[in-house]
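As structure tokens, the structure follows; a few thoughts come after it.
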Amino acid sequence: MLGDLSPLSTPFSVNSMTRDLIVNQQASYLGDFLKNDPSTVIGNVVISFATLRGFSLGSGGFLVDGLQLGSLVNDGRVSLEAFERVDVLKGASAFLTGLGASSSLGGVINYVPKSAKGAPVRDAYLQFLGRSNVGLGVDMSDRFGTDKAFGLRVNASARARAAA
């Protein structure tokens, strides 16, 4: 609606948490790294509770690439491997998304999914999540076809408790 603006030029507060931050902080769930934003509170539990600037976020306050997908991502335990970044848009101006106006006075949390970029991606990673708790994942993407018009990105991970 506002066009291509830099975050400093927008009429609302935007806090983007990038893939690099997610990886460097070894965050497994949204609540793990939203601790970087003091005005945001979310629980890592099945029953979702989240607040932005003191206002409760309903299911309309959680978006995936700008689209409201109901209760699909309003759980604080949503795994972050499939997302490139998470944008926290705070303030009443976040209604510019056109979604969640009745249930999200504090703003919205927008998950931006990974997509196939110009350069191929070949990543494998091992996570140590705690004593006897490990994870393994792979992230691969490439573009193909005439003028590289089609892209494919595969993102898979698994976590398991090792026998102590």
Problem set entry | the range 82-100 residues that are at pLDDT below 65, paired with ones that are polar (S, T, N, Q) and open to solvent by 60 Å² or more (accessible area, probe 1.4 Å) (beta carbon under 9 Å, 6 or more apart) | THR97/GLN68; LEU99/GLN68; GLY100/GLN68
Seminar exercise, completed: Counting only strands (runs of 3 or more DSSP E) entirely within the range 102-156, those with at least 2 residues that are farther than 26 Å from GLN68 by Cβ are 121-130, 133-144
Exercise. Does ALA163 satisfy the criteria of being open to solvent by 60 Å² or more (accessible area, probe 1.4 Å) and at pLDDT below 75?
Worked result: yes
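Given the options ARG122, ARG143, ARG153, name the one that is closer than 23 Å to PHE62 by Cβ and modelled with pLDDT of 85 or more.
ARG153
The values are calculated or read from the model by the stated rules, or taken from the named source; none is laboratory data. For clarity, every value in this text was computed on a predicted model and none was experimentally measured. When we count neighbours, we look across all protein chains shown, and the Cβ atoms used for this are built from the backbone with ideal geometry, even at glycine. Side chains are part of the model used for accessible areas, which takes the heavy atoms of the whole protein and leaves out ligands, DNA and RNA. Shrake-Rupley method; radii C 1.70, N 1.55, O 1.52, S 1.80 Å.
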